[in-house]
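This report refers to the structure that appears directly beneath it.
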Amino acid sequence: MAEKENFFRFCGLLQDIGAKVLREVFFDKYVGISGNSTLAGYLANYKQHLASLLPNTLRIEQFDLLYPSSGGAPVIEDLDITLLCLLFRNLDTQTKSNDSIWNDPRNHQTYQADVTRIRLIRNKFFGHVSSASMSNAIYNNEVSNLTTIYQRLVQSLPVGRMSYIALQELIHKELNDPLTTGLDKEVKRLKEEMQERYRNGEILKNFLKMIHFALYINQKWSLSYV
């Protein structure tokens, strides 16, 4: 079961912490630098541009997160890695959306390159997943790689945003807390991820394997207190 545990822990490191880091960077490099103090104020300047990306590049439900039909303000915590990476790429003032850095970040050490690295890692493990498991060797290598990317991004942030120490605490917690902590949320998110990107029997089979593993872990954790 260790390889399946590796997979779930890596999911949390990538999805949960990755989104938190990207939100911090997006607010600093895009929202803050524009002179706006709120996400709503910043996005108001780009509504027409983002609307032009519908429906192929930007989905309706994503657009509604940015510009709620209810008339309320967007909440940055609602923006996941997929949407954040899209915003980085299409709202960047230093590059164009078709710049090579958004597809091939090699030999670049800019924050744009690190955003692309996170997106490519995500696509690698969620876009082409064949099983809900990860060997120790791959797990250790990918955790080290992802942690280094997060550290670079956070170290570029000003005082007042996520600190290096806070990042290290988040990573330690994600990789060492009992796996059942937040497992139901992780399973739900993986289900939504796979339903969104792939709708075929092979992916469904793999997801069922993850569900069975989640049930096993929950049962094992509960019995330890009997």
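In the condition set (1) modelled with pLDDT under 95; (2) of a type outside the set (S, T, N, Q); (3) under 16 Å from the mean Cα position of the chain (by Cα); (4) exposed (fewer than 13 other Cβ atoms within 10 Å of the Cβ), F126 is compliant with all but (4). Summed over region 105-124, residues that are part of a loop (DSSP other than H, G, I, E, B) and closer than 19 Å to T57 by Cα total 0. For G12, indicate whether it is surrounded by 13 or more Cβ atoms within 10 Å (Cβ to Cβ) and at pLDDT below 95. Yes, satisfied. Number of residues in region 86-104 that are in a helix (DSSP H, G or I) and not small (G, A, S) equals 8.
Looking at region 162-203, which of the residues that are modelled with pLDDT of 95 or more and outside any helix (DSSP H, G or I) is nearest to the chain's Cα centre (by Cα)? Result: M162. Listed conditions (1) under 21 Å from the mean Cα position of the chain (by Cα); (2) farther than 30 Å from V143 by Cα are all met by W102, apart from (2). In region 131-149, the residues that are over 13 Å from F7 (Cα atoms) reach residues that are small (G, A, S) and at pLDDT 95 or above with C-beta atoms within less than 8 angstrom, at least six apart or across chains, in these pairs: L146/G18.
Taking first residues from region 90-106 that are surrounded by 13 or more Cβ atoms within 10 Å (Cβ to Cβ) and partners that are of a type in the set (D, E, K, R), the Cβ contacts under 7 Å between residues at least 6 apart in sequence or on separate chains come to S97/R89; W102/R89; P105/R117. Within the option set E24, E77, being closer than 30 Å to N141 by Cα and free of Cβ contacts under 8 Å to residues at least 60 places away in the same chain holds for one residue only, E77.
In region 57-69, of all residues being more than 18 Å from the chain's Cα centre (by Cα) and modelled with pLDDT of 95 or more, the one that is surrounded by the fewest Cβ atoms within 10 Å (Cβ to Cβ) corresponds to I60.
The values are calculated or read from the model by the stated rules, or taken from the named source; none is laboratory data. Please read all numbers here as calculations on a predicted model, not as lab measurements. Heads up, the Cβs are rebuilt from the backbone with ideal geometry, glycines too, and the neighbour counts pull from every protein chain shown.
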